[in-house]
1. For segment 427-454, enumerate the residues that are assigned to a loop (DSSP other than H, G, I, E, B) and either within 17 Å of residue 410 (Cα to Cα) or more than 22 Å from the chain's Cα centre (by Cα) (or both).
2. Going through 1101, 1059 one at a time, which residue ends up being crowded, with 21+ Cβ neighbours inside 10 Å and in a helix (DSSP H, G or I)?
3. If I ask for residues that are part of a loop (DSSP other than H, G, I, E, B) and over 19 Å from residue 918 (Cα atoms), which ones from segment 872-899 would you list?
4. Which residue is nearest to residue 1082 (Cα to Cα), if the candidates are limited to segment 1133-1165 and must be assigned to a loop (DSSP other than H, G, I, E, B) and without any contact (Cβ under 8 Å) to a residue 24 or more places away in the chain?
5. Would you mind finding the one in 1051, 1106 that is within 27 Å of residue 966 (Cβ to Cβ) and in contact with a helix residue (DSSP H, G or I) (Cβ under 7 Å, 6 or more places away or on another chain)?
6. Quick check on this structure: which one of 320, 395, 327 is in a helix (DSSP H, G or I), at pLDDT 80 or above and either closer than 15 Å to residue 421 by Cα or hydroxyl-bearing (Ser, Thr, Tyr) (or both)?
7. So residue 948 clears everything in (1) farther than 20 Å from residue 1036 by Cβ; (2) loosely packed, with under 15 Cβ neighbours inside 10 Å except one condition, right? Which one?
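The values are calculated or read from the model by the stated rules, or taken from the named source; none is laboratory data. Not measured: the values here are computed from a predicted model. As a convention, Cβ positions derive from the backbone with ideal geometry for all residues, glycine included, and neighbour counts pool all protein chains shown.
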Amino acid sequence: MIINQQNLVELSKTIEKEGYKIVEDHIKSLIEALDDAKKKDLREQIIDILFQIEFTQGLTHTESSALLYAIEKHPELIGIDSAVGIVATSCTKNIEIPDKVLQSLWRQVSKDLEEKKLRYNSISILKAIVTQKKQIPKLVLETLVNSLTCQDFDLQNRLLLADIVYDAIELLTDDFQSYQHVIEKLKIIVLQTKKNRDEYRLNKIIFRALQRSIEENDSSHELLSRYYDIFKEDEINHEQYSMKEWNPLNNYMKRKSHALEKFHLMIVIDRIVLKQQKIDTSIFNEFQETEWRKEILCSELLTGIFLEANNAQGIDEFELEKFRENLSVFSSCRDESISVENILQALIDKQNIYELNLEMINDILMMLQTNIEGFNILRNENRNSFYMELREQWLGKRLEYFDIEYSDTTLEIFNAYLPYKIEIIDEVLKKINEHTTIDELIKFFNYLLNCGLTKESIETFLTNDIPYRKSISTWQLILTDRLVGMFLMKKFPSYGKYLQYTKFEFNRNNLIQNAYNQANSIYYYNVDDLTRISTEWMKEFVSNFRITSPLCHQSDRSLSSILTNVLNEYLREKKPTIFCLNISSNHWVSVALINNKDKDIVLYKDSLGEDSYVDEREELKVFLNDKIEKIDFKFHRSCDQFNSYDSGVFALANMKIIATYLKNKKESFIHYFETSKFTSQSQATHDRINTFPKMYALSLCRPFRKKQILDYHSVELKFIEEILEKNVFTGDKLQLSISLPDKDNLIEKNYRYLYVIEAMSAEIDFNRTSELKTKIVENLGIKELYSVKGNVMTIIDDKLTAIQKKKNQKLEMTLTDNEIDELLNKLGVELTEYNRDVLKKTLGFTMKKYLTIQGKEIVEIEDYKLVVHLHRKLNKIRAIGWPMNSVRILLDFINSEDELKHMLHALDPIFEYNLFEYDRNIKDDKLFDILKSKSTSQWRKEIHELAIFQTFKGSYNKTLETLKTELYEINKDNHISFLCDDKLIAAYMNVQHAYKEKSKLFDNLSSIEHWKSSHIQQWAEKVKLMPNEVSQHEKLAVIKRAIEITNKFPPREIQLLSVLILTNPEEYTGRLAQINTGEGKTTIVAMLAAVKALDGHQVDVITSSPELAKPQAKQQKEFFQHFGLTVADNGKEGDEIKERYKFNIIYGAAGDFQGDILRDEYSKLGTRSGRKCDVAIVDEVDSMLIDGKNHMVMLSSPMPA
């Protein structure tokens, strides 16, 4: 490259072109040219181009070092602005700057400052040097300090210099005292009069630099006192604050103690003033002096968070409470450098840059609790990725705590897959089992991050759905359930509206349980539930009664201490008071305090009746008699509650009944209170499931609705302002705003809102008649004032008539999707379309009527459970190993309601027989081929045939005659007469004949093969009355039909033959049958049990283990219900064992039957409720007679010690 002036000009133009990169050889030539004496005149031009290259594409470390060496050889180059920029950039890249270059730089900077010239690159290099923790020479620092008051310098540059001076003084080491004259100069500057706000800002930065000079001496106290006096005089807005508010701080600043703490306090106050935020002066009265700085920092941080978030709904109380709790952990920290105040300051600095929300602040504080070393990352100014670094460091500590081995690489990868709340990540880590590896976690969270769920849904899944101490593979199964749901929502866009995960195989376990998300469970209402619900539930009575917040029983407080405040308020005003009282544990009652005919009366309603919690009621009565003379204590006598968990529901419902009667029929209600009618169990159940969840949701919805209304009607204020400016001209300023009446109904369209007019001068009192008040009322057409308090008046919206035609119409209730999701999070409910729609319906929004596929209506709302059943069955298919893509292909065959119903039936043999999409039938057709080629009505039959072929390839083509012959050959030595002389075939054909004929008992019905469940139930009722009137063949025919209805396909020939053999034993003997795995033994046992139960026998089915008894009883329940037969297991869960032994059929393990017999006959406990040993069907007989032959059951007895 030839270096001359013309080529340099062209090169400069080339560099400016986007995407053009200068090659390494050209850069090398330019650097070498700086050392060429012949090109001395081109050096400035070359330096400018090299800086241009550095700025656009960057120089390599080698190139930068070579360039610095050239500058070192030619010190005069430092006078070129671009050369200073190159040195500054090299410094930021941590490239070592030669001493000679630095010396040249200091000389140039001092010269520039003395000549009142200040270049931007000079400021940049100074800032870069102090940022890299390198000291500035004393003479240069003195020159910088002198320049701070130089009016020839731009004020913004002086602000930058002040910041550099602060950093430089912070870097001073042991020779700090030698800089005392510099410090004294700074003290003089901070106490000088300032001309404008920017100079005040400059003053604050300089003041910060004095920290190391502050000592516990008169000089420091004098400085701080004078500085504070100037602050009060120049910067406290006397219209915004009253001087009385500052008295505690005034007294504190005058005292000659705690100099350094006072200094830090002023730094904090200065910063808030510079931000033009209001200082919360209530802190000075409400907290100790030692906490002032911490509380002001908290206030600054929280104010910044919500100003930037524009959070008009106010502070999230839950996150705020967490914030306070997290901070309290650091109060006892012994390391002064990691004090609460320093942590808050670091958070404020980061929040100013990255706009952190309160949730992220809490995440950072939680990480610091278990990883205090992370504070160094937090306070480092030069780490843009500080959060990821902090989380990776914290994550490593947590993995070590849970004994999970990792490398730096795997830790970095794992961290990249975790964009979730820290408390959720920590909770997940607590759930892992001891065999979990980092690779398993990475694989799972990688899959989770890319599975298609939203971040909110994933967090809900991780919080609520992952079980403790289970394998990652189990977590994967649960996730699969959610993903199947996603496929279904894509297929049926409206299905999400009905997708209720709590009813699927993997039940959720809400960490946040409340009256809304636990409506259908056994859940005890807590004080938060009652508080929120009563706010909405009792709203109409607030003008007539004092509706007190629920009073909760506390272990360390008596009932009397809990009631004291409520009773004092009642005695003071004698206003009727109604409240819910928690008298013991989870039990709530309704209480009313009223005065009638100068007599105080207590109305006490316990839904469990007069015999419930008698001691607690008497304690309450004694307390009230002691406090109120001649009080009449009435308690209701009847019991309305018939479960253990609904007392909170009853207490709320009965509150309203009490309020209604006292409002409308006070005298008669008091007179007949003990026998009045209150809420029934059925009504309470309805309220629990329908009414109170709505009340709970409405209470949380109020802030959203409030914001909507305030924003919507705020535009009306400008019309009022125009009228006031035109007709009510006054020197007194008025502030206008919109507000809402307390306890008003915001959900309905007939809501009310208030116009608020506030005089800025506190001396104005609208309670008194004045010219100003008269003008406002007349010009705004105010018919009636809603309230007047000092300098504030409020007017209900329809009472201000001057802008009647300009007002907005009342706003209908609506919420955005984001607001709905936020509300669901507060309700502790998963973010699914189903839950969104349930909430919308609860709040009065409209819902669609159909499930659709691509806009086509296919399933009416009444039948939406079809898709829920489809979801369950697809889960089962995934559980046997089907890939998600094959599940999706299955859904492609569903495009109508008819296809949906037939697919439901077709899936049964798939998971019953563990079929896969690649399995083939006898004709070599694969499963998907059958779905494509066969009519929908043939799907189940054809797939069932495929299943039989795959499962029993050896016996698939066997005829009835072949089966009979094989059975005879196997048993020829056992002399079973029923297998001889075609008796078995004849019996089988009789069953088949009966199946196709009408019943002997119901000749008005169709043939049995076409019966429905209701027909079987009618038949069974008559058969149980006259069991001998119906042949065994007809009974088996009806049982065959019941199996077909229950299982969606009829019993196979071998199953029916097995039942026939078992029901026809030799005289005075039983039957022992060997049935191969996969032949349907569970179904055979159920059919045999039904036959015997219909004959009037009590049947005990003995299983090989207690774990099998319960699911088998549950699995066959639907089948037995066709015949009106009851079934249960005799496991130890539940306390109704005597009731279960009254059932027709009992499943249980041999040990459980033995124990119950001992308890019944030996201990005389009546455990079996008189059940005789009638018919026993032993499943897995070898398990009982061979494996368990030595198993004994003994009862324990108490013995004297």
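1. If the condition is that a residue be assigned to a loop (DSSP other than H, G, I, E, B) and either within 17 Å of residue 410 (Cα to Cα) or more than 22 Å from the chain's Cα centre (by Cα) (or both), then 433, 434, 435, 436, 437 are the ones that fit.
2. 1059
3. 894, 895, 896
4. Among them, the one singled out is 1143.
5. When all the criteria are applied, what remains is 1051.
6. The conditions single out 395.
7. All conditions are met except number (2).
To keep it simple, each residue is scored yes or no on (1) more than 20 Å from residue 451 (Cα to Cα); (2) surrounded by 17 or more Cβ atoms within 10 Å (Cβ to Cβ).
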position	(1), (2)
867	yes, yes
870	yes, yes
873	yes, yes
881	no, no
887	no, yes
890	no, yes
896	yes, no
901	yes, yes
905	yes, yes
